[in-house]
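Structure first, commentary second.
The values are calculated or read from the model by the stated rules, or taken from the named source; none is laboratory data. Only a predicted model underlies this, so the values are computations on that prediction, with no experimental measurement involved. Heads up: the accessible areas ignore ligands, DNA and RNA and are worked out on the full protein's heavy atoms, side chains in. Shrake-Rupley method; radii C 1.70, N 1.55, O 1.52, S 1.80 Å.
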Amino acid sequence: MEADDGTYLASDTGFWYKYQTKTESDSLKTPGFGDLINFDYDVKSLNGNEIYSKADLKTQNYAMDKQELFTGLRHGLKLMKAGETVTFIFPSDRAYGYYGDENKIGPNTPLICEVTVNSITQNQNN
């Protein structure tokens, strides 16, 4: 595992990200369709103010591309391996867009999310 060097990378799907913890192991794979991802994340505004903490959001289980998740986070998880922590910057159109989440995230709000993938369970049907 290596530490963050502070450089954000541009994704092919319209957001930026940097690794806090990166796994270089070839034996660990990024998730595919239907794989179950167990992860924790938080949500902050661009100025760093917490909107939702990891405790607020609780540990999530997500079946890749089989459940609803905002666009940026869905694409961000596809870049990650188990044990990695990544900070993402999502423009509003990759987050909650024009409507916000109708709770704490307002319309057209870009977000910063720190995501840790705890585990990835391969879909047995792949």
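Working note: 222 nm ellipticity from helices only, DSSP H runs with n ≥ 4, each -39,500 (n - 2.57), summed and divided by the residues of the chain, gives -2000 deg cm²/dmol to the nearest 500.
If you count only protein heavy atoms with a 1.4 Å probe, what accessible area per residue comes out for the chain, rounded to a whole Å²? Write down the numbers at each step before the final one.
Numbers: 6940 Å² over 126 residues.
Solvent-accessible surface per residue comes out at 55 Å².
Taking all protein chains as they are arranged and a probe of 1.4 Å, the heavy atoms of residue 101 leave approximately 40 Å² accessible to solvent. Solvent-accessible area assigned to carbon and sulfur over the stretch 35-126 amounts to 44 percent, based on a 1.4 Å probe.
When you restrict to C-alpha pairs under 8 Å that are six or more residues apart and normalise by the size of the chain, the relative contact order lands at 32 percent. Taken over the chain, lysine pairs spaced eight or more positions apart, or on distinct chains, with alpha carbons under 21 Å apart number 24.
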